[in-house]
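Everything below concerns the one structure shown next.
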Ligand code: FES
């Protein structure tokens with residue numbers, strides 16, 4: 001049965017196994033490669049997207065759970081004011097090293113700023129706690145979030 005959802009403000013319908021993770025629906029069925037596969041176990045945060053404004057791990061979200069929901073991926077992050085400010089700050093500060101985790105970092109930071117427009121450093125650290133960066137760009141990530149928060 002087709003599953004209907006909204007991805008980056010566009011209505012889409014996918015016919016697939018209802019248990020298939022949202023991550024793989026995005027990458028394989030919808031050909032959006034910005035959302036990354038890291039651990040596949042909900043541990044690293046590389047696959048983070050927004051679902052109805054909440055940061056979720058798309059590797060742990062069956063597509064059936066996304067039915068009728070609004071998904072924002074890195075491809076659509078700039079359509080949100082917080083996402084646009086974060087992408088700008090990320091570029092200004094040149095945050096990424098290898099870059100692999102950064103889509104998930106930006107989506108988690110978007111959810112953080114939506115919930116808390118002026119987070120303290122401690123709140124940034126807590127909010128970004130679930131997103132691992134193998135290159136340890138954490139200091140630049142924090143600076144970029146502060147810059148985006150204005
Ligand atoms: Fe989903 Fe690591 S790939 S949390």
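Tell me which residues, restricted to segment 9-34, are in contact with a helix residue (DSSP H, G or I) (Cβ under 7 Å, 6 or more places away or on another chain) and either outside the structural domain of residue 47 (by TED's automatic domain parsing) or over 13 Å from residue 66 (Cβ atoms) (or both).
Once the filter is applied, which keeps residues that are in contact with a helix residue (DSSP H, G or I) (Cβ under 7 Å, 6 or more places away or on another chain) and either outside the structural domain of residue 47 (by TED's automatic domain parsing) or over 13 Å from residue 66 (Cβ atoms) (or both), segment 9-34 yields 9, 32, 33, 34.
Looking only at segment 11-41, how many residues end up being closer than 14 Å to residue 74 by Cα and more than 15 Å from the chain's Cα centre (by Cα)?
So the count comes out to 2.
Quick one: residue 105 ticks every box in (1) farther than 18 Å from residue 141 by Cβ; (2) in a helix (DSSP H, G or I); (3) in contact with a helix residue (DSSP H, G or I) (Cβ under 7 Å, 6 or more places away or on another chain) bar one, so which box is it?
(1)
Please state which of the following conditions residue 92 fails to meet, knowing it meets all the rest: (1) more than 16 Å from the ligand (Cβ to nearest atom); (2) surrounded by 14 or more Cβ atoms within 10 Å (Cβ to Cβ).
(2)
Identify the single condition in (1) away from the ligand (no atom under 16 Å from the Cβ); (2) closer than 21 Å to residue 71 by Cβ; (3) in a loop (DSSP other than H, G, I, E, B) that residue 112 does not satisfy, given that it satisfies every other one.
Only one criterion in (1) away from the ligand (no atom under 16 Å from the Cβ); (2) closer than 21 Å to residue 71 by Cβ; (3) in a loop (DSSP other than H, G, I, E, B) is unmet by residue 112, namely (3).
I'd like to check which strands (runs of 3 or more DSSP E) are fully inside segment 28-80 and have at least 1 residues that are within 14 Å of the ligand (Cβ to nearest atom) and buried (at least 21 other Cβ atoms within 10 Å of the Cβ).
48-51, 54-57
Taking only pairs six or more apart or across chains, which ones have beta-carbon atoms under 9 Å, a first residue in segment 34-46 that is without any contact (Cβ under 8 Å) to a residue 40 or more places away in the chain and at positive phi, and a second residue that is assigned to a loop (DSSP other than H, G, I, E, B) and within 6 Å of the ligand (Cβ to nearest atom)?
40/47
It is to be established whether one or more residues within segment 133-144 are touching a helix residue (DSSP H, G or I) at 6+ places or on another chain (Cβ under 9 Å), free of Cβ contacts under 8 Å to residues at least 24 places away in the same chain and outside the structural domain of residue 26 (by TED's automatic domain parsing).
Step one: of segment 133-144, the residues touching a helix residue (DSSP H, G or I) at 6+ places or on another chain (Cβ under 9 Å) are 133, 137-138, 140-144.
Restricting the remaining residues to those that are free of Cβ contacts under 8 Å to residues at least 24 places away in the same chain gives 138, 142.
Subsequent filtering for residues that are outside the structural domain of residue 26 (by TED's automatic domain parsing) retains 138, 142.
Yes, some residue in segment 133-144 is touching a helix residue (DSSP H, G or I) at 6+ places or on another chain (Cβ under 9 Å), free of Cβ contacts under 8 Å to residues at least 24 places away in the same chain and outside the structural domain of residue 26 (by TED's automatic domain parsing).
Could you run through segment 1-27 and say how many residues are at pLDDT 95 or above and not in a strand (DSSP E or B)?
The qualifying residues number 13.
The values are calculated or read from the model by the stated rules, or taken from the named source; none is laboratory data. Note that this is a predicted model, so its numbers are computed, not measured. No Cβ is skipped: glycine too gets one built from the backbone with ideal geometry, and neighbour counts run over all protein chains shown.
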